[in-house]
Structure formats: C-alpha cells, structure tokens
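Okay, so here's the structure we're looking at.
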Amino acid sequence: MIYRVRPGDTLYEIAQRFRTTVQNLVELNDIENPDLVEVGQVLVVPGAEEDLEEREEIREGERRVEYRTKNFDYIVVNGLLIVMFTDQDSYEAGEYVKVNLVKTNITNTPIKLSYKSGQRIELVAYNRGQRIWSWSADQMFTQATKVITLEPGESLVYKEIWDQESDRGVDIDQGVYRIQGWNVAKEVSDYRLDVFIAIE
C-alpha cells in the first residue's frame with residue numbers, strides 16, 4: 001500500500017494506524033532518521049505488499065504470475081506540479097527503463113528554484129527496500145549555485161534512462177522495483193515521487 005505523509009503524522013502513528021512496526025517502515029522505505037518524516041513523503045506500507053510484488057495465481061492447473069505496478073506519480077508543491085512516469089509498467093530483462101520527471105509552474109506568478117550544483121533531479125531504484133541504483137552515481141555536476149525561474153505555465157522536462165544495472169554494474173534480477181525521484185532544488189527537495197515497475 002502507498003501512503004502519503006500528512007501534516008502531524010509521525011512514523012509511530014503511521015505504524016499504529018496500519019498495524020505494522022516503525023522498524024518495518026524504516027526498512028521498507030530506506031528511512032535514515034525515523035524521527036523525521038516530511039509532509040508529502042510517500043511511504044510503502046506493509047500489509048498490502050501484493051500491490052508491489054509478484055502474486056501467483058493457480059487457475060485450472062496453469063501457473064500465472066501477475067504483477068501490480070504503478071508507473072505514474074505526481075505532487076503539487078507551492079504551485080509547482082511535479083510529475084514522474086516511466087514509458088511502460090513492465091520491462092524485459094535488459095530493456096532500458098525510460099524515466100521522465102516534469103515540473104510545471106501552475107500559478108500566475110514566477111517560481112524561483114535554488115540549486116547547489118548542476119544537478120537538477122535525482123532518481124533512485126529500490127528492491128524490497130534496498131537501494132540498488134542511483135542516477136547520480138555515475139554523473140558529474142558543476143559545483144556552482146544557480147537559481148532557475150519558471151514563468152507561469154512553463155515546464156522543464158528531464159528524461160533519463162536506467163539500463164537495469166545496479167550501481168556496481170551488475171544486471172538486476174526479475175521482480176518489482178520502486179523508482180523514487182525528486183527535484184533537488186532547495187524549495188522542493190523534501191517531496192519524493194514513487195513509481196513501481198516490473199522486470200520480467
């Protein structure tokens with residue numbers, strides 16, 4: 001199950017609400033500080049894991065594996081619409097995963113975004129709560145601060161590719177993967193988006 005953190009939520013309260021433990025939430029979502037969850041943060045909550053992983057069904061002696069995936073997510077933060085999606089929800093082994101992250105100013109006034117370096121976005125892939133790939137791991141960025149202004153209605157589109165290899169250069173296994181993405185600008189970096197894809 002996917003849960004988006006609301007104002008006033010704590011990890012303990014979320015765990016109680018969904019009859020799980022703080023430790024389960026920490027491990028499943030790769031949370032570094034259990035005392036700090038941000039409004040708008042997306043959490044995977046155990047107890048409905050069939051939505052995220054393989055589910056086998058037996059029908060008339062035939063084994064069928066069904067995947068449930070979600071290859072689209074969005075959030076609105078201070079007038080900025082941020083959308084992330086992949087071109088498919090399932091992929092063959094070795095097939096490129098194309099990830100798109102789009103930010104759009106949906107207000108009538110300019111929006112300024114502040115960056116510490118040339119990096120604009122980050123993408124991270126997880127399998128069963130374990131981080132296996134980071135888009136920035138093999139990237140180089142200029143170390144210069146910059147402020148970008150988005151005019152009303154203006155969009156910026158980032159298109160990146162994951163080659164289905166881990167950060168160590170090893171081909172990944174079949175299964176369901178969570179790809180988390182966010183814009184690294186100071187004003188919106190706490191807001192994460194999650195999509196789920198199947199590698200078959």
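The values are calculated or read from the model by the stated rules, or taken from the named source; none is laboratory data. Since we're looking at a predicted model, the values are computed, not measured. Please note: Cβ atoms are built from the backbone with ideal geometry, for glycine as well, and neighbour counts cover all protein chains shown. The protein model used for the area step is the full one, side chains on, heavy atoms only, and it has no ligands, DNA or RNA in it. Shrake-Rupley method; radii C 1.70, N 1.55, O 1.52, S 1.80 Å.
If you take every residue apart from residue 155 with its C-beta less than 15 Å away from the C-beta of residue 155, what net charge results, scoring Lys and Arg +1 and Asp and Glu -1? Within the 15 Å Cβ shell, the charges total +1. Solvent-accessible area per residue in the chain equals 56 Å², computed with a 1.4 angstrom probe and all protein chains kept. Counting only protein heavy atoms and a probe of 1.4 Å, the accessible surface of the range 67-200 is 46% carbon and sulfur. Take every DSSP beta bridge whose two residues both sit in the chain; close to 95 percent of them are antiparallel. For the listed residue pairs 70/116; 103/146; 103/159; 70/98; 70/186, the alpha carbons are over 21 angstrom apart in 70/116; 70/186.
Here the Debye sum runs over all C-alpha atoms of the range 82-200 as equal scatterers in vacuum, and log10 of I(q)/I(0) at q = 0.13, 0.15, 0.18 Å⁻¹ comes out as -0.54, -0.70, -0.94.
Using the Cβ of residue 180 as centre and a radius below 11 Å, the other residues enclosed give a net charge of -1, where K and R count +1 and D and E count -1. By the Kirkwood approach, averaging reciprocal distances over each pair of separate Cα atoms, the chain gets a hydrodynamic radius of 18.2 Å. Highest average first, the peptides 71-79, 142-150 ordered by how many other beta carbon atoms sit within 10 Å of their residues are 71-79, 142-150.
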